[in-house]
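The values are calculated or read from the model by the stated rules, or taken from the named source; none is laboratory data. Nothing here was measured: the structure is a model prediction, and the numbers come from that model. Here the Cβ positions follow ideal geometry from the backbone for every residue, glycine too, while neighbour counts run over all protein chains shown. Ligands, DNA and RNA are excluded from the accessible area calculation, which covers all protein heavy atoms including side chains. Shrake-Rupley method; radii C 1.70, N 1.55, O 1.52, S 1.80 Å.
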Amino acid sequence: MAGKASATPATYSPSPATRKGKPTIYKDGDRDWVRPDGRGFQQCRPAFFRTGAVNAASGSAYAEIGNTQVIVSVFGPRESKKAMMYSDVGRLNCNVSCTTFSTPIRGQGSDHKEYSSMLHKALEGAIILESFPKTTVDVFALVLESGGSDLPVIISCASLALADAGIMMYDLVASVSMSSLGSDLVIDPISEEESYQDGSLIISCMPSRYEVTQLTITGEWSTNKINEAMQVCLDACGKLGKIMRSCLKEATSATSE
Amino acid sequence: MGLSNVVGDLSLEMEVDAFRRLFPLRFYERHLSESIRPDGRTLKSARDTSVALGAVASADGSALTKIGSTTMLAAAKMEVMTPSADAPDEGSIAVEYYMPSICSPLVRPGRPAEIAPVISKQLYDTILSSGMIDLKELSLISGKAAWMVYLDIYCLDADGALFDAALLSAVAAFSHLRFPVVSLNDEGRLVMVPEEGNGDKSGKEVVNKEKRKLSLSSPPFSLTCALHKNYILADPTSEEEAVMETFVTVVLNSSGHLVSLYKPGGPVLTQTSVIQDCIALTRQRMKEVQEILDESISGMEID
């Protein structure tokens, strides 16, 4: 760009640097530590959903869970790109991107390229692809603010957007994540807790059918821990599913008035 | 001609939505001849506009603006830079406009919108040439440190009049901008001082205690008008923009002076009266928009 022909000067942010090294929010063996936002270990943040956020899209949803804000737009079913071969089932195309101001330091959070494919795998099992052969449904997500536990929020918001677009699905997909911090398990971690975690478990499930569409585990987990975490997360998914359903019901009753 | 007969017959039997999709030009011309638009507006009225300041909590200044369905989210973050040798007392501004894939069916991840870098450059040029911001206000330590303001504008929903909404959100974000309080630490870098009562515990000198916000002189406001044959439509939607022959964007500053005029191609304008009409419409629109902006600013200050 001509206006910026002079080299953009190197800049730094005056915000205090993030702590590194020994975590300060808890010490090993200290069973009395409290989460930074005061929640219980098995308490999720309050969730707010709204459909119809973007008029230009076939369907869209906005989700705000704690400080994590996500908008998802769904376009389609529309014509597949010419390079694609004929397919008698529909195709799903997902893409996740972040704004530059989603993280406290500008431009630092854009390296989650795997979110797009993880979103794809989480939703694939729930969509009835046979209902739109030869065409593609595009699901685009934009993370407005990254406050922790981003991928589960993106997945839940995306399934609401798909419902808003009228794409046929077996069930909504609700998603929740759990962090392992030393010997404790905390559900729905915020970014600070995620930065100190030893391992994480993200589960996406269809609450009414009690079927899991995606389970991702990182770090070291004993079998007992996995079972415990899964149980807690599935319960949380059930509750999240109810919230999502009531959001959809509100939206339809509002339009019918 | 055979074709227009066919169209004439079809239009009697077809549903409105189908006619709108198949023959958009005829659909609009039918409305324009009655001096009305499909959404019920007159040719000269703009859509409902709203401005919400402070939409992004982590940014130093932010604004969410909506003109009809077009939604823009602007966030300004401030970082410290070393000023250049030939302007040691001036900071700098970087304006970037993004159209993420969510905003429109025409934008895809591998194929960015063609209009995005055009609008980005237009915004940058308009903001700088309007003289709204005095770069000397961004200076911290002469010759050593100055503020660099990164303004990022994201289009969340694209429904016409993108430049107008983006410019309004940029002006709103700048009026909401509050400088972080910084002091010099031992390594010669500027760090933020946490907001405390009086005096900071470290005993360090606060560099910019008094200067907390930008003084904006004559902010620019714009209006895009679509031109089609003899009609001038203020604030077109994306459907109207696609159908109309060309459009003109007029930018005025608050003292009523012309900052910029942009007409990208299309049929030749043979009468200057059309331009005069567009400028008059912009002037009127500017009053409306200024009121809306002032209301939301005063709303924030009461808090």
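Given the options A:Asp150, A:Asp171, A:Asp198, state which has the largest fluctuation in a GNM of chain A using a 10 Å cut-off (strictly under) for Cα springs.
The residue with the greatest mean-square fluctuation here is A:Asp198.
Mind ranking B:Glu301, A:Glu145 by accessible surface for me, highest first, 1.4 Å probe?
Sorted by accessible area, descending: B:Glu301, A:Glu145.
In a GNM of chain B with a 10 Å cut-off on Cα contacts, which of B:Arg212, B:Arg21, B:Arg178 has the highest mean-square fluctuation?
Top of the fluctuation ranking is B:Arg21.
Would you check the accessible area of B:Glu34, probe 1.4 Å, heavy atoms only, in square angstrom rounded to 10?
Accessible area, nearest 10 Å²: 140 Å².
In the structure shown, do any of B:Lys136/B:Lys287; B:Lys66/B:Lys287; A:Lys81/B:Lys121; A:Lys113/B:Lys66 have a Cα-Cα gap over 19 Å, and if so which?
In this structure, B:Lys136/B:Lys287; A:Lys81/B:Lys121; A:Lys113/B:Lys66 exceed 19 Å between Cα atoms.
Using the Cβ atoms and a cut-off under 14 Å, what net charge is assigned to the surroundings of A:Met169, where Lys and Arg are +1 and Asp and Glu are -1?
-3
Can you compute the radius of gyration and Dmax for region A:216-257, using only the Cα atoms, both in Å?
16.7, 52
Read phi for every residue in region B:227-241 and hand back ³J(HN,Hα) as whole Hz from Karplus 6.51 cos²θ - 1.76 cosθ + 1.60, θ = phi - 60°, with x for Gly and Pro.
So the Karplus estimates, Gly and Pro as x, are 10, 9, 6, 9, 9, 10, 10, 7, 6, x, 7, 5, 5, 5, 4 Hz.
Tell me, what is the FRET efficiency for A:Arg78 and B:Ser33 to the nearest 0.05, using R0 = 30 angstrom and their Cβ-Cβ distance as r?
0.35
What total accessible area, in Å², is buried where chains B and A meet, using a 1.4 Å probe and rounding to the nearest 100?
The buried area between B and A, both sides summed, comes to about 3300 Å².
Just which residues of region B:86-132 lose 30 Å² or more accessible area with every protein chain there, against their chain alone, with the probe set to 1.4 Å?
By number: B:Ser101, B:Ile102, B:Pro105, B:Arg108, B:Pro109, B:Lys121, B:Tyr124.
Given labels modelled 7 Å from the Cα in the Cβ direction, how far is it in nm from B:Arg189 to A:Ser131?
5.3 nm
Taking R0 as 35 Å, what's the FRET efficiency between B:Lys229 and B:Ala87 from their Cβ-Cβ distance, rounded to 0.05?
0.10
When only alpha-carbon atoms count, how far does region A:146-256 stretch along each of its three principal axes, as whole angstroms with the largest first?
Answer, in whole Å and largest first: 51, 28, 18 Å.
Sort B:Val193, B:Val259, B:Val16 by accessible area with a 1.4 Å probe, largest first.
Listed by decreasing accessible area, they come as B:Val16, B:Val259, B:Val193.
What part of the accessible area of the protein assembly as shown, given as a whole %, is carbon or sulfur when the probe is 1.4 angstrom?
52 percent
Stretched out fully, how many nm does the piece from B:Met300 to B:Leu106 gain, at 0.36 nm a residue minus the Cα gap?
In short, 66.3 nm is gained.
From the backbone phi of region B:83-91, what are the Karplus-calculated ³J(HN,Hα) couplings (6.51 cos²θ - 1.76 cosθ + 1.60, θ = phi - 60°) in whole Hz, Gly and Pro given as x?
Whole-Hz 3J(HN,Hα) from phi for region B:83-91: x, 6, 5, 8, 8, x, 9, 10, x.
Please report, in whole Å³, the volume per residue of the convex hull around the C-alpha atoms of the protein assembly as shown.
Hull volume normalised by residue count: 200 Å³.
Once R0 is set to 60 Å, what does the formula 1/(1 + (r/R0)^6) return for the Cβ-Cβ distance between B:Arg21 and A:Gln231, expressed as a FRET efficiency to the nearest 0.05?
In this case the efficiency is close to 0.75.
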